[in-house]
Every structure is written in structure tokens, then in C-alpha cells.
Amino acid sequence: MNTPQVLPRVIARPLRPRIPPISSTLFKHLVLILVGTIVAYPFYFMVSTSLKEFFEATATPPTLFPTSLHFENYVEAWTRQPWGRFFANTFFIAGASVAGEIVTAVLAAYAFAQMNFRGKNVLFALFLATYMMPAEATLIPNFVMMSKAPPGVNPFFPIPRLNLYDTYGAQILPFLASAFSVFLLRQQFLAIPRELRDAAVIDGAGHLRFLWSVVLPISIPALVTVAILSFYASWNSFQWPFIVTSSEAVRPVQVGLNAFRAEAGSQYHLLMAAASFVVAPIILLYLVGQRFLVQGVARTGIRG
Amino acid sequence: MNERAAARRRRGLIENAQAYLFLVPAIAFLGLFKILPALYAVYISLFRWDIVQGAFRGLDNYFDILWQNSTRSQAWWQSLSTTVTYALITVPFEIAIALVVAYVLFQKLRGRDIYRTIYYVPYVTSTVAAATVFSYVFHPQYGIVNTLLGSIGITGLRWFQEPDGVFQMIGSALGVAVPEWAAGPSLALVGVAIFSIWHFLGFQILIFLGGLGNIPLEYYEAAKLDGANQWQLFRRITLPLLSPQIFFVFTIATIGVLRAFNEIFILTNGGPLDTTRTVTLLIFKTFFQQGQIGLGSAMGVLLTLVILAFTLFQFRILGRRVEYG
């Protein structure tokens, strides 16, 4: 209570959490607002155009605000393609991929972090190698694997033919395990104090029990990060589903949007309405889960 | 004593078996869809493989791509040069812009979190949707970009349909004849680069902000006591201490450029006149549209080697960054 009032001020100055300021606050805000405008403008343009009517959307020069609001554009865009189907497909594919990836990653990460076994280093190196292997390396062989064996070709050797072209399976199975998620979770599981494991052993708990009742509950933030990153990857993926699907029955939203691009032609008001509802769920998820996403990206440096 | 040793060994065996059980699901899927396919890619590349597997060709696919003076190898080298150009006009700007924005954003400012939230949005938006919007923003007639440029007297840019080099265009606007070798990247490729910079800005800012947070503030205080000015602080403290992040962004952005497909497919589909046909686009067209799976696979292997070289380089310099993840 009686501490001299000067002391905190002296301490507070060097600890001020900032690097030296550029000349004026106003200038900084100007820079940030300018960049922010450039960054955000396409989104504004997308939404404002989606509410214009056809002739206004293709007017030169473009209007900044819609002269009248045409929410019916969304209805029309929605009915032009089976969007409900596409969204259901994407949610199913993303959901299944995320769930599968979490299960395989949790188990493998736990083994690497908390168990001792022969060949641990070799297997870890193998995971590291898979992590470095870019998707481009496996694009063509995976495509060949997913297709049906032509007549007279052995469907098991040398290349197994899974005959999954144009199915959900082709869009889910390759994403049920990710070396990246294993690394991320392993790091989390390594940080679990040894005492917790010892206590669990004394209580007679095996690995599975310890994993389920102790490790997972305290690792929920890391699990959410993995789930969100994996959901993003699945939701936004385009090239692979574009290559391995052809029918609308299994088509995801990104491929649907690409198809609609061709169909809509110069009906930009409808195209922008479709783009709006394709990005809306993911931006919503970003705003809700921003903390986890930003942490995940900052910690792992994944660039998508 | 013996009994205890036996018990310990039994426990060890059980632990081993359990660990393998835990690893089986991940290894099964990674093996089937990552490890084996990587080997298959090499296998396929050794055959004439047009839709169905044909004759064994040894390394002839590679010779066709790299050395034979054919349209095939011309396409390959042209695509590689397009990819390098694309990297040169994207990566330095990505780093520079993100560095400046991160530096400003790191300081204590009102509304800092709002700026950050906005800056990250393009990064989380799907490439297909974002590129669809971009092709409209840059539309020669209806787009806002040409409207703005028109107000300062620049008119009629065709952006994603423009195969002419930008230096050539500037030259002809000024009445200077620019030789063909100095024509520069096509305006379409510049448009693609602008999209990439916009799309990944948030990611690079995020990485730089993390790096800035790691620089001890005492360094700045000490330098200020010695009378250093703003520029010196940035140049002598911030830049050197941020070099791991700059290097990381440099390699990952380069790899990102090498792997870029979706944005180019949507914005230009490799055109106009193949001026934006990067290696990924060439591979896609070779194997998917022309059905030349063997040749495409050989190109894929070559691209993979380049990407792996960058990845290993990055790991070596940064000391296995995955350890952090």
C-alpha cells in the first residue's frame, strides 16, 4: 500500500509492449486502412454485386452501391444448380475427413509422444518424409488408383485399382491420415507432465484409458485447431475433387461453383450471389474459430 | 530377479504391440495414399501410358521432356520459365508488403484486432470463390480496377486475356520499341501474381507478427539510448532478428508458387497464348486433358524434386521447423 508511486512508472516504461512507433498514429492508420480497403474490397464488390440486377451488374462504370436490393438473386442462383446437394456433399466429405483424421492422428501422435517401442525413430522419419511429400507427387498415381482397372489389367498389381472414381470414398479416403496433424498433436502430447502418466499407471489405467480420460480432455484446444485446419482444407479443396468426380450426386461446392461459372456466363449478379453463399460458411467459421486458426497457423506455418 | 526381468520384458512387448496398433491406422492410410503413390509416380513415368499402360520406355519420357527439341520439351521449358517469372513477380512483393503491414500492425494501435481480422479473411477464403470474384473485379469492361485506372487515363487493359508483356505494353504506350526478350511477364500473369499476393497477405503477416513478438524490447531501448533513429532500428534490429521468419516465408511462398494451380485454372486456365501456363497447369493438361499419364507423371516427378529441394533447404536452414509444430 505504501509503495512509492514513482516505482511502477519507472518499471512500466521499458516494459511497454511495443516497438518504436512510426512518426504518427494517423499515418499508421492511413496505411492500415488503405491496405484493409484493398484486402476487403473484393468481398464488398462480391456482396454488393450479388444484390444488383443484371443490367446494373454489367454496367460500365460499376456502381458503388446497388440502386435497389435484389435478394431474389440468391434464390435464383440457388435454384440454377443443385446447391443443396453440393453443400450436403461438402459437409459430409469434410466431416468424415476431419473425424477420420482426428482419430488416426490422435492414436499415432500418442504412440510417438507417450510410448516406447522398437523402430520409433525409423517410423518417425517415415512420417516426416510423408509430411514433406507434396500433393503434386501423388496426384496422378492416386488418380490412377481411384479409376477402374481397364479390361485385362490386374486390379491389384502393380497398382491397386480401387474403382472409386466419382464416389465419396475417392474424396475422403486419401485424407483420413495426415502426417502434419500427427506432428501437431504429438507436440501437444509431449507437453503432458510425466506425473500424470505415473499417477494413471498407479491407478491401474492402461494407455487407452489414460488417453481417453486424461490426455484428450486437456488437449481440446489442439484438437480443435487440427479439426479447423483440416475442415478448411477439405472445404476449400478443388483440384482433387474436380479430377475424381463427374456427377452432381457427389460434387462438392467448390467444383459446383466452377461449373456454375461456366453456366452463369455474364450473369455476374448470380455468380457473385453463389460465390457469397459458398464463402459464407467458411468465413463464419473463421470469425468464430479465429483464435484456434490463428494459433494453429502461427504455430505450424501451414499455408494451405 | 529373473522373474522381474521377464515381467519387464513382457510389459515391453505389450507396449510395443500396443504402440504398433495405435500406429496402424495412420500408417495404413499414409502408406496407401502417400508413400506407395510416390513410388507409383516414378513407376508410371517409366512407361508410355496413354490412358492405359503401354510399353516400358525407361527414362525416355524424361528425355522427351528435358532434351528432345520437340513441342513437348519446348512446352516444359516455357512452363518452367513462366513458373520462375511468376515466383519473381510474386514472392518479393509478398514479403515486402507483408513486412511493412506487420511492422505497422505490431504497434499498439486502436482497432488493431479489427485490422487483423480483415487481413486474414482472404487467406481463409477458398481459392475458387476468391478467384471468381477477382476475375470480375479485373473484368475489362465491368470491373472496378479498370474504372479506377480509367480515371487516371489508363484504359483498355484486358488483364486475364492479355498475352502481351507488361514492359512491352509500357514501352508501346511511351512510344519506345521494347525488344522481345525484354517484353516482361504477360499482363495476365501479373494479374495472377496480384491475386496471389492478395490471397496470402494475411498468412505472411501472421508469421511476421509472431517473429516481431519474439524480439526482446530491450534491444530497441538500448539502441534508442544510443541515439538510433527509426530507420536504423528497423534496419539494424528488426530486419536481422526477423530473418528466420523472412526466410521461412520466402521458401514457403516459393513452394506455394510452384504448387499453385486453382487460382491459375480459374483466372486464366493457362492462357492467353499459354503465358500463364505454369508447370502445374502443364502437368494437368498433359495427364488430364490429353490423357498422357506417363509423360504427366514424369513431369510430376520433376516438379516434386524441385519442391522437395526447397523443402529440405528450408528444413536444413531452420533446423526442422516441424519440431515446433
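The values are calculated or read from the model by the stated rules, or taken from the named source; none is laboratory data. These numbers come from a predicted model, not from an experiment. With ideal geometry, Cβ positions are generated from the backbone for all residues, glycine too; neighbour counts draw on all protein chains shown.
Conditions (1) in a helix (DSSP H, G or I); (2) of a type in the set (D, E, K, R); (3) out of contact with any Phe, Trp or Tyr (no Cβ under 9 Å at 6 or more places or on another chain), marked per residue:
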site	(1), (2), (3)
B:189	yes, no, no
B:198	yes, no, no
B:201	yes, no, no
B:210	yes, no, yes
B:235	yes, yes, yes
B:248	yes, no, yes
B:253	yes, no, no
B:271	no, no, no
B:287	yes, no, no
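Within segment A:95-125, the residues that satisfy the criterion of being over 19 Å from the mean Cα position of the chain (by Cα) and either more than 10 Å from every other protein chain (Cβ to nearest Cβ) or surrounded by fewer than 18 Cβ atoms within 10 Å (Cβ to Cβ) (or both) are A:113, A:115, A:116, A:118, A:119, A:120, A:121, A:122, A:124, A:125.
What's the number of the only condition in (1) at the interface with chain A (Cβ under 8 Å from one of its Cβ atoms); (2) at pLDDT 90 or above that residue B:52 fails to meet? In the conditions (1) at the interface with chain A (Cβ under 8 Å from one of its Cβ atoms); (2) at pLDDT 90 or above, residue B:52 misses (2) alone. Here B:202, B:210, B:256, B:291 are screened, and the one residue that is among the small types (Gly, Ala, Ser), touching a residue at least 40 places away in the same chain (Cβ under 8 Å) and facing chain A (nearest Cβ under 7 Å) is B:256. Can you go through B:295, B:312, B:258 and tell me which one is surrounded by fewer than 21 Cβ atoms within 10 Å (Cβ to Cβ) and farther than 27 Å from residue A:260 by Cβ? After applying the criteria, what remains is B:312. The residues of segment A:132-183 that are at the interface with chain B (Cβ under 7 Å from one of its Cβ atoms) and small (Gly, Ala, Ser), listed by number, are A:137, A:177, A:179.
With the condition kept exactly as written, say whether any residue in segment A:198-215 is more than 21 Å from residue A:101 (Cβ to Cβ), buried (at least 16 other Cβ atoms within 10 Å of the Cβ), among the charged types (D, E, K, R) and more than 11 Å from chain B (Cβ to nearest Cβ). So far as segment A:198-215 goes, no, none of its residues is more than 21 Å from residue A:101 (Cβ to Cβ), buried (at least 16 other Cβ atoms within 10 Å of the Cβ), among the charged types (D, E, K, R) and more than 11 Å from chain B (Cβ to nearest Cβ). With respect to the conditions (1) in a loop (DSSP other than H, G, I, E, B); (2) within 9 Å of chain A (Cβ to nearest Cβ), residue B:304 falls short on a single one, namely (1). Please indicate, with yes or no, whether at least one residue in segment B:305-325 is β-branched (Val, Ile, Thr), free of Cβ contacts under 8 Å to residues at least 24 places away in the same chain and either closer than 30 Å to residue B:73 by Cβ or in contact with a Leu (Cβ under 8 Å, 6 or more places away or on another chain) (or both). Within segment B:305-325 (the criterion being β-branched (Val, Ile, Thr), free of Cβ contacts under 8 Å to residues at least 24 places away in the same chain and either closer than 30 Å to residue B:73 by Cβ or in contact with a Leu (Cβ under 8 Å, 6 or more places away or on another chain) (or both)), the answer is yes, since at least one residue qualifies. Of all the listed residues (B:105, B:149, B:109), the sole one being at pLDDT 90 or above and either of a type in the set (A, V, I, L, M, F, W, C) or in contact with a His (Cβ under 7 Å, 6 or more places away or on another chain) (or both) is B:149.
Within segment A:273-291, can you find the residues that are more than 7 Å from chain B (Cβ to nearest Cβ) and among the aliphatic types (A, V, I, L, M)? Those that are more than 7 Å from chain B (Cβ to nearest Cβ) and among the aliphatic types (A, V, I, L, M): A:273, A:274, A:280, A:284, A:285, A:287, A:288. Across segment B:213-234, the qualifying residues are those that are within 8 Å of chain A (Cβ to nearest Cβ) and at pLDDT 85 or above, and the one among them that is nearest to the chain's Cα centre (by Cα) is B:215. In segment A:247-267, the residue that is surrounded by the most Cβ atoms within 10 Å (Cβ to Cβ) out of those that are over 19 Å from residue B:269 (Cα atoms) and not β-branched (Val, Ile, Thr) is A:252. Looking across segment B:66-114, the residues that are under 24 Å from residue B:307 (Cα atoms) and touching a Ser or Thr at 6+ places or on another chain (Cβ under 8 Å) come down to B:66, B:67, B:79, B:82, B:83, B:86, B:87, B:90, B:91, B:94.
Within segment B:8-26, identify whether any single residue is among the acidic types (Asp, Glu), within 12 Å of chain A (Cβ to nearest Cβ) and closer than 30 Å to residue A:147 by Cβ, and answer yes or no. No, segment B:8-26 contains no residue that is among the acidic types (Asp, Glu), within 12 Å of chain A (Cβ to nearest Cβ) and closer than 30 Å to residue A:147 by Cβ. For segment B:19-121, the helices (runs of 4 or more DSSP H) that sit wholly inside it and include 2 or more residues that are polar (S, T, N, Q) and touching a helix residue (DSSP H, G or I) at 6+ places or on another chain (Cβ under 9 Å) are B:71-106. Taking the listed residues A:184, A:196, the one that is within 23 Å of residue A:134 (Cβ to Cβ), in the same structural domain as residue A:103 (by TED's automatic domain parsing), among the hydrophobic types (A, V, I, L, M, F, W, C) and part of a helix (DSSP H, G or I) is A:184, with no other qualifying.
Of the residues B:247, B:261, the single one that is within 11 Å of chain A (Cβ to nearest Cβ) and aromatic (Phe, Trp, Tyr) is B:261. Checked against the criterion of being under 32 Å from the mean Cα position of the chain (by Cα), more than 16 Å from residue A:139 (Cβ to Cβ) and loosely packed, with under 14 Cβ neighbours inside 10 Å, the candidates B:31, B:12, B:54, B:58 yield just one match: B:58. Report whether or not residue A:151 is over 23 Å from residue A:250 (Cβ atoms), in contact with a Ser or Thr (Cβ under 9 Å, 6 or more places away or on another chain) and at pLDDT below 95. For residue A:151, the condition - over 23 Å from residue A:250 (Cβ atoms), in contact with a Ser or Thr (Cβ under 9 Å, 6 or more places away or on another chain) and at pLDDT below 95 - is not met. Evaluate segment B:165-180: report whether one residue or more is assigned to a helix (DSSP H, G or I), within 24 Å of residue B:131 (Cα to Cα) and within 20 Å of the chain's Cα centre (by Cα). Checked against the condition, which is being assigned to a helix (DSSP H, G or I), within 24 Å of residue B:131 (Cα to Cα) and within 20 Å of the chain's Cα centre (by Cα), segment B:165-180 yields no hits at all.
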